[in-house]
Amino acid sequence: MAAGFSSFLHGSHSVYGWWYFYPVVFLLKTPVPVLVLLLAATLYYLRYRKEYWFDALFLFVPVIALFIIFMSSNFAIGVRYLLPVYPFIFVIIGGLLLYGGRVSYLFWPMAVWYIGATLFTAPHYLAYFNELIGGPGNGYNYLVDSNLDWGQDLKGLKKYMDSKGIKRISLSYFGIDSPKRYGIEYDWLPSHYLYNPTPEKALEATRNRFVAISVTNLQGVYLNPKDMYAWLRKYEPVAKIGFSIFVYDLERIKPEKR
């Protein structure tokens, strides 16, 4: 953790992270109903359950301690490092049903919201972002890597190619899976991990070709230079495969005048 790691947050890159990275990740990757209920439960504990101070310590201290540990580290990666806090948070929220009085009525509309957001994102759960930033379709502007893109959507890319009659694609893929395993014929573009089957061949992405790029590469997290694909970010992709692989039709992109 002390050595740091290549990280991305809302357009910024860092090897040593940001002290506020994990609070931001928590706020963006946690469903809004959970945030609302957690705030309500915390206020309830502070106001009405002072006599149960030991219960509060047992539930809140592990959450606070884990946040402090990761906020003080140089390791800014993903929400998965915060997963141990959620069981404590769910128990804190559960207290509203037992002791919350009128506050407990807040639980049910929030539960419906929670279920609805889950169904909306299904089956792309890794790509979930809450409504504070516009949902998973906008998540790549804020966080990538394990928060959104772990190379999980090659199967979806192949399905899209078949549906559009695309036989071959220019590909910049982030992940350790093999596109060949899904029958994807591709021309290699600079990537992180992806094997280049024809290293002797000159790089090209011709205007009659579709380009597929993982959002982690689109943001240049592990590439050099990091702005390698920055020019693509101002164009709207023709498809977002599982929210983690963007497909661009170069024929629709007009060449810039120099």
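What follows draws every value from the coordinates through simple rules; no lab data is involved. Since the structure is predicted, the reported quantities are computational estimates derived from the model, not experimental observations. For neighbour counting, all protein chains shown are included, and Cβ atoms are generated from backbone atoms with ideal geometry for every residue, glycine included.
Which of the aspartates and glutamates could a cross-linker bridge to residue 180, judged by Cα under 15 Å and excluding same-chain residues fewer than eight apart?
Cross-link targets: 153, 162.
Over its Cα atoms, what ratio of radius of gyration to 2.2 N^0.38 Å does the chain give?
1.20
Which whole number in µm²/s is D for region 7-146 by Stokes-Einstein, with the Kirkwood Rh taken over Cα pairs at 4 °C and 1.567 mPa s?
So the translational diffusion coefficient is about 80 µm²/s.
Report the calculated FRET efficiency for residue 83 and residue 5 (r = Cβ-Cβ distance, R0 = 22 Å), to the nearest 0.05.
Computed FRET efficiency for residue 83 and residue 5: 0.80.
Give, in whole angstrom and from largest to smallest, the semi-axes √(5λ) of the equivalent ellipsoid of region 150-252, with λ running over the eigenvalues of the Cα gyration tensor.
The equivalent ellipsoid of region 150-252 has semi-axes of 17, 16, 15 Å.
Gain in length, residue 71 to residue 201, computed as 0.36 nm per residue apart minus the alpha-carbon separation, to one decimal in nm?
42.3 nm
Could you quote the convex hull projected area for region 1-45, Cα atoms only and averaged over all directions, in nm²?
Its average projected convex-hull area is 4.3 nm².
Starting from the Cα-Cα distance between residue 104 and residue 60, subtract it from 0.36 nm times their residue separation and give me the gain in nm to one decimal.
13.9 nm
Mind listing the long-range amide H neighbours of residue 193? Cut-off is under 5 Å, sequence gap 5 or more, other chains count too, H placed in the peptide plane at 1.01 Å from N.
none
How far apart, in nm, are the 7 Å Cα→Cβ label points at residue 118 and residue 133?
Going from the residue 118 label point to the residue 133 one covers 2.3 nm.
By how many degrees, 0 to 90 and rounded to 10, does the Cα axis of helix 107-121 deviate from the longest principal axis of the chain?
Taking the Cα atoms of the chain, the angle to 107-121 is about 10 degrees.
Residues in region 140-175, backbone N under 14 Å from the label point at residue 234 (7 Å along the Cα-to-beta-carbon vector): list them, ranges by number please.
Within reach of a label on residue 234, which here means backbone N under 14 Å from a point 7 Å along Cα→Cβ, region 140-175 contributes nothing.
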